[in-house]
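Here the structure is laid out as structure tokens; the discussion comes afterwards.
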Amino acid sequence: MIALPLDEVRELAKGELTFAPGETAATGVRIDSRLVEPGDLFVAVGRGREFVREARERGAVATLVPEEPFAALAAIGRAVRARSRARVVGITGSTAKTSTKDILGALCAPHARTVVAEGSQNNEIGLPLTLCRLEDDTEVAIVEMGMRGLGQIAELCAIARPDIGVITKIGPVHLELLGTIERVAEAKAELVAALPAGGTAIVPAADPYLEPHLRRTDVEIVRFGPEGGVRLLDFRPDGDRSELTIEVFGERQTIEFSFNSRHNAENALAATAAYDALGLPLSRLAAGAGAVRLSRWRGEEVELPGGGILINDAYNANPLSMVAALEHLADRAGGRRKLAILGDMAELGPAGPGYHRDVGAAAGRACVDVLVAVGPLSRGYVDGAEDVPVTRWTATVDEGLAAARDLLRPGDAVLVKGSRAMGLEAVAEALAVVPVL
């Protein structure tokens, strides 16, 4: 981290700041005492105050027990950002934020000193921690921005001050709080509103919900997708990789990426548009494409007995990502029997049952052979899955695992996906280690 004077930390964050005589600056920020290294400032968040002593023993130059932890982290992250000359890319959207971030990070790494948000660090804690990894020589910082309501993206933008904003997709997420997709678009568009004059907004082409928010004339609006300036001309999956032909404002590139899903090919368009907006060499786009490593539980593949495969996409779910995952299952299955284990989609509000039925119908269109629905809301999958030959509803994860084991056969292609609250990674991990009988 760019060195931050401890005297300034005292001014930025009210609370109990303790440091040894002679220490003048912190060169890192941690909220987990187990990760503390010499030179770090340990900020106690939640129960963190119980581990202050451990942080000091591990070499923290200072410990801060703030009166308001979120405000303290925001102030510290903002101060580090102010010292940096890096160009900041902010990424938000209803789905695919993390995967787009992962792809862009891999594309940039061979050409610029790059800091990328780890995992899904996209909130009032994770975003400042990402900024606190900036060094004096960092050239590109890629941050992810999540939201649970209006105003939250704007608050994160005030900390990160992005130069480039990427909105991946607009769809039905967080409807329990926001009510309509129009309000979801309004919340996500706070990223566009926060850009400086001369900045670049990268958005899906012809999105009816987003277009009303794209009226700024002092920023460049770059659209990706079939009707945009950055388009996918061809997608050829091959094993765990794929070859993409992408057109960027008339210039074509054929590139091999280290993923095999069509929805990530679409995410690569948004990442390519951001790469180009950063001024990085389009002719050398392929240098990082083969090094894409998606974050955990996002389409991870595991071999199963008898030539089967398991796709662990259990990190999260919404109607858009569910349909994309089912289509990917159909693509990857080949001649295998297809088994989908789907958990509840959370935070959809009163419209939730309808969206669950729609996903059940999508399972039928994807020619799923067996559907195991897990959770109280997942009954809707079964109701909509009229074209799926075998369906089973279960109330709990344990029951879902038992049903999956009962129905799974050697050689099957299996998808496991559900909202984060469901914890379906436990099902995926259990099936991956227990032989199919």
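Residue pairs whose Cβ atoms lie under 9 Å apart, sitting 6 or more positions apart in sequence or on different chains, and linking a residue in segment 357-382 that is on the phi > 0 side of the Ramachandran plot to a partner that is among the charged types (D, E, K, R) and in a loop (DSSP other than H, G, I, E, B), are C367/D387; G375/D344. For segment 131-152, filtered to residues that are within 30 Å of G349 (Cβ to Cβ) and outside any strand (DSSP E or B), the residue that is modelled with the lowest pLDDT is R148. Can you tell me which of (1) touching a residue at least 40 places away in the same chain (Cβ under 8 Å); (2) part of a helix (DSSP H, G or I); (3) crowded, with 18+ Cβ neighbours inside 10 Å; (4) of a type in the set (A, V, I, L, M) is the one A421 doesn't meet? The single condition A421 does not satisfy is (3).
Evaluated against (1) surrounded by fewer than 18 Cβ atoms within 10 Å (Cβ to Cβ); (2) modelled with pLDDT of 95 or more, T168 falls short on exactly one condition, (1). Quickly run through segment 13-37 and pick out the residues that are within 25 Å of E118 (Cα to Cα) and either surrounded by fewer than 19 Cβ atoms within 10 Å (Cβ to Cβ) or not assigned by TED's automatic domain parsing to the domain that holds F51 (or both). Matches in segment 13-37: A25, T27, D32, R34, L35, E37.
Restricting attention to segment 298-313 and to residues that are surrounded by 19 or more Cβ atoms within 10 Å (Cβ to Cβ) and within 18 Å of L407 (Cβ to Cβ), the residue that is nearest to the chain's Cα centre (by Cα) turns out to be N312. If the condition is being buried (at least 22 other Cβ atoms within 10 Å of the Cβ), aliphatic (A, V, I, L, M) and not in a loop (DSSP other than H, G, I, E, B), then segment 107-125 contributes L107, V115.
Here F42 clears all of (1) assigned to a strand (DSSP E or B); (2) assigned by TED's automatic domain parsing to the domain that holds M145; (3) of a type outside the set (V, I, T) except the condition numbered (2).
The selection criterion, being assigned to a helix (DSSP H, G or I), hydrophobic (A, V, I, L, M, F, W, C) and either in the same structural domain as N318 (by TED's automatic domain parsing) or surrounded by 23 or more Cβ atoms within 10 Å (Cβ to Cβ) (or both), does not hold for A79.
Among the residues making up segment 283-304, those that are out of contact with any helix residue (DSSP H, G or I) (no Cβ under 6 Å at 6 or more places or on another chain) and in a helix (DSSP H, G or I) are S283, R284, A286, A287, A289.
Here segment 9-39 is the region considered, the condition is being of a type in the set (G, A, S) and assigned to a strand (DSSP E or B), and the residue that is farthest from L73 (Cα to Cα) is A25. Would you point out which residue out of A160, A201, A154, A206 is in the same structural domain as V248 (by TED's automatic domain parsing), without any contact (Cβ under 8 Å) to a residue 60 or more places away in the chain and under 21 Å from R78 (Cβ atoms)? Among A160, A201, A154, A206, only A154 is in the same structural domain as V248 (by TED's automatic domain parsing), without any contact (Cβ under 8 Å) to a residue 60 or more places away in the chain and under 21 Å from R78 (Cβ atoms). Kindly establish whether G334 is over 22 Å from A385 (Cβ atoms) and not assigned by TED's automatic domain parsing to the domain that holds A117. In short, no. The residues in segment 337-386 that are closer than 15 Å to N318 by Cβ and part of a strand (DSSP E or B) can be counted, and the count is 2.
The values are calculated or read from the model by the stated rules, or taken from the named source; none is laboratory data. Model, not experiment: these values are computed from the prediction. Note: ideal-geometry Cβ built from the backbone for every residue, glycine included; neighbour counts use all protein chains shown.
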